[in-house]
Amino acid sequence: MSKSLIVIFAAIVLDAVGIGLIFPILPTLLQSVTHAENVAAYIGVMAALYAAMQFVFAPVLGSLSDRLGRRPVLLISLAGAAINYLFLAFAPSLWMLLLGRAIAGLTSANVSVASAYITDISPEDTRAKRFGLLNAMFGIGFIIGPILGGALGDYWVRLPFIAAAVLNGFNLLLAFFVLPESRKPSREAINIAALNPLRPLRWVFSLRHVLPIVFVFSIFSAAGEAYGTSWALWGADTFQWNGLSIGLSLGTFGICQALSHAFLPGPAVKLLGERNAILTGITCACVSLIVMAFATQGWVIFAIMPIFALAGIGVPALQSLATRQVDASQQGQFQGVLASIVSLASIVAPLFFSSFYFVVREQWPGAIWLSVVTIYAISIPLVLSLKFRSQQAEAASV
């Protein structure tokens, strides 16, 4: 494995550790700041604010990575994350917490730039495997982050956020001193009109053959927001888990997810094909979510984790397919647009899930997972409609 891949994967691991640190303890922090018992709505607002800022700025950062290079944009993103965690660590009021999330969303481009970086340095036939490894690195971060965050949070509610700020600071230094640039920047003048976040969306909507892929990404992203919004609340309400128990549940999922993403995407695509790999992932997710909805004992959640982790095998196939739809000079822009559209879905989804959880919390907290099953079901007709063509075939048809 090349040095560049090692560094980018290490950066993703540290980024995921920082994110994972805050998940088990964020509800407790919000309770201490807002003095409200049911903080589901506040979690939804924070997630939606982050996504709204990402929606506006992710395409711009993606385009800048094509013009200025991947490395400087990644550095900006890492610096923004560190600032966000400092706000979470020391903010005495809700508006300062929201300001920190807004800064993080404004500068967030880690995943889209990392995806473009991997596309730059990877032959087409290795991309599914490397995107699987990218997701596996994120899973490894979630092995460490939630467990550490839960343990630190039980000691002091602010401590996980200080740890996350330190980790992101180290991540920034690693990228600054070690990570090389992956492609020669175009150095083209930046068109001010391109700063309009809707302009890149018009560009991608003009590529009709990629729209089903874009919509599937949006649905997957919307469904994924349920976990960040509801997992910690649901674990505490259903099983009376403390921060460490919530962290252990997320860490166990991270172990299963890392193993799944590291070893299964490549063989799954070869054995099943891209379409069936995606459908298999959806099926595993729905089965697991139904079990979670009706579970009354915490051990059931740990038992279902291996099947739940298999839900991710289709995502690398979808990512690999998406990279073949545009040429190399537009990968940063396209990845930025995908991140922006995913963020657009992520603006609405946390508000929906937090509101839904607020309503069902007293009667049946597990009902939140059946709502996710419904959203996944919507994606099945879109997956069946996907056209699996190579970039060369696509170019020939234009």
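The values are calculated or read from the model by the stated rules, or taken from the named source; none is laboratory data. Note that the structure is a prediction, hence the values are computed from the model and not measured. Cβ: placed from backbone, ideal geometry, glycine included. Neighbour counts: every protein chain shown. Ligands, DNA and RNA are excluded from the accessible area calculation, which covers all protein heavy atoms including side chains. Shrake-Rupley method; radii C 1.70, N 1.55, O 1.52, S 1.80 Å.
Across region 83-127, the number of residues qualifying as farther than 18 Å from Val45 by Cα, open to solvent by 20 Å² or more (accessible area, probe 1.4 Å) and aliphatic (A, V, I, L, M) comes to 4.
Taken as a whole, the condition of being at pLDDT below 80 and open to solvent by less than 40 Å² (accessible area, probe 1.4 Å) does not apply to Phe161.
For the condition open to solvent by 10 Å² or more (accessible area, probe 1.4 Å), at pLDDT 80 or above and within 17 Å of the chain's Cα centre (by Cα), Val348 qualifies. Residues that are surrounded by fewer than 21 Cβ atoms within 10 Å (Cβ to Cβ) and modelled with pLDDT under 75 within region 302-325 comprise Arg324, Gln325, listed in sequence order.
Looking across region 128-143 at every residue that is open to solvent by less than 10 Å² (accessible area, probe 1.4 Å) and touching a Pro at 6+ places or on another chain (Cβ under 6 Å), the one that is modelled with the lowest pLDDT is identified as Gly132. Applying a threshold of 9 Å to beta carbon distances and a minimum spacing of six or more residues, or different chains, the list of pairs starting in region 113-132 at a residue that is of a type in the set (Gly, Ala, Ser) and ending at one that is assigned to a loop (DSSP other than H, G, I, E, B) reads Ala116/Ser182; Ala116/Arg183; Gly132/Leu264. Of everything listed in (1) farther than 28 Å from Ile347 by Cα; (2) surrounded by fewer than 22 Cβ atoms within 10 Å (Cβ to Cβ); (3) at pLDDT below 90, the single unmet condition for Ser218 is (1).
Considering only residues that are more than 11 Å from Ala226 (Cβ to Cβ), in a helix (DSSP H, G or I) and touching a residue at least 24 places away in the same chain (Cβ under 8 Å), which ones fall in region 347-373? Ile347, Val348, Leu351, Ser355, Phe358, Ala367, listed by residue number.
Of the helices (runs of 4 or more DSSP H) lying entirely inside region 1-106, those containing at least 2 residues that are modelled with pLDDT under 80 and closer than 26 Å to Tyr155 by Cα are 3-22.
The numbered conditions (1) β-branched (Val, Ile, Thr); (2) open to solvent by 30 Å² or more (accessible area, probe 1.4 Å); (3) modelled with pLDDT under 75 are all true for Thr252 except (3).
Mind counting the residues in region 1-58 that are under 16 Å from Leu174 (Cβ atoms), under 14 Å from the mean Cα position of the chain (by Cα) and open to solvent by less than 20 Å² (accessible area, probe 1.4 Å)? Of the residues in that region, 5 qualify.
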